[in-house]
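First, the structure itself, so that you have it in front of you.
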Amino acid sequence: MQEIHTPVLVKELRVLLNLKSGDNAVDATLDGGGHARMMLEFIKPNGKVLGIDQDKNMVEKMAGEKNITAVLGNFKDIDEIIKKRGFKKIRAILFDLGMSRWHIEGSGRGFSFGRPEEPILMQMDARSQKNAALILNTCPESELVRIFKEFGEVRAPWELAKKIILARKAKRIYSVGDLLSALGIKNKKSLAKIFQALRIAVNNELEALTEALPKAFGALDVGGRLAVISYHSLEDRIVKNFFSTRGKILTKKPQTASQEEITKNSSSRSAKLRVLEKI
């Protein structure tokens, strides 16, 4: 498997997570293990990291890593996963809500509008029966409008819905190229919002985040810290609202990547880090 993901805001997390030797931590979005390994630097030799990921490719890649337990699952079930694994005395839990490079470039599931030959599936968990093609070919016009409006905040979502309804009457939408042909849109920013909306809908991302945050906060020891890296306003709004009702906020303004990091890793440009301490 090619390089999976470059972890973002590592310098900031090293300070804000405040981990020490012997602590335990949870990486709720394990991905390629970059953040998990960073946390392990501070908690070794006796501290442990529990990593959770929806994709078996990520979990299998991390198998055998010393002091990192990789578990296949959705972070919305974080409390059950922690309990089942008997993981206790948790000092930090991290969510990085970004897409991995591997999902975009190597999964073949149609996450990018730059890959017209791929089937338009977009599941983070390949075992899921729900996919973007199913949504595009079966959802009523009103539901398509809602998805594009709420999850993509696109202009004129009803126009997109009408184009899709018209296209699927002639031919089922199977691939990224089929969708691009139906939409007839070239603007990359507009396409990014459309693909974001579909991905969120397929994976129930906002519902999962809303469900996971209180469970994660509840699993922390007193003094433990909950950190969330978000990449668009819908996610950040959920995190900000949750943090406003709990604990001690350690980031009055969200931490963002330095220009140096953005130059090295362009995906860090939109990253926002918020950290909450349980008191």
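The values are calculated or read from the model by the stated rules, or taken from the named source; none is laboratory data. As the structure is a computational prediction, the values presented were derived from the model and not from experiment. Every residue, glycine as well, gets a Cβ built from its backbone with ideal geometry; the counts of neighbours run over all protein chains shown.
For the range 230-272, which positions are more than 23 Å from Glu205 (Cβ to Cβ), in a helix (DSSP H, G or I) and not polar (S, T, N, Q)?
Result: Glu260, Glu261, Ile262, Lys264.
This table checks each residue for (1) among the aliphatic types (A, V, I, L, M); (2) in contact with a strand residue (DSSP E or B) (Cβ under 7 Å, 6 or more places away or on another chain).
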site	(1), (2)
Val8	yes, yes
Lys11	no, no
Gly22	no, no
Ala25	yes, yes
Leu50	yes, yes
Asp55	no, no
Asn67	no, yes
Gly73	no, yes
Asp77	no, no
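Taking Leu160 as the residue in question, decide whether it is at pLDDT 95 or above, under 17 Å from Tyr231 (Cα atoms) and surrounded by 20 or more Cβ atoms within 10 Å (Cβ to Cβ). I'd like the intermediate steps shown before the answer.
On the way: at pLDDT 95 or above: yes; under 17 Å from Tyr231 (Cα atoms): no; surrounded by 20 or more Cβ atoms within 10 Å (Cβ to Cβ): yes.
Criteria not met by Leu160.
Looking only at the range 77-85, decide whether some residue is in the same structural domain as Ala182 (by TED's automatic domain parsing), at pLDDT 95 or above and under 18 Å from the mean Cα position of the chain (by Cα).
Step one: list which residues in the range 77-85 are in the same structural domain as Ala182 (by TED's automatic domain parsing), which gives none.
No, there is no match, as no residue in the range 77-85 is in the same structural domain as Ala182 (by TED's automatic domain parsing), at pLDDT 95 or above and under 18 Å from the mean Cα position of the chain (by Cα).
Identify all residues within the range 28-70 that are among the hydrophobic types (A, V, I, L, M, F, W, C) and either part of a helix (DSSP H, G or I) or free of Cβ contacts under 8 Å to residues at least 24 places away in the same chain (or both); write none if there are none. Talk me through it step by step, then tell me what you get.
To start, the set of residues in the range 28-70 that are among the hydrophobic types (A, V, I, L, M, F, W, C) comprises 28, 30, 36, 38-40, 42-43, 49-50, 52, 58-59, 62-63, 68, 70.
If the condition is that a residue be among the hydrophobic types (A, V, I, L, M, F, W, C) and either part of a helix (DSSP H, G or I) or free of Cβ contacts under 8 Å to residues at least 24 places away in the same chain (or both), then Ala36, Met38, Met39, Leu40, Phe42, Ile43, Met58, Val59, Met62, Ala63 are the ones that fit.
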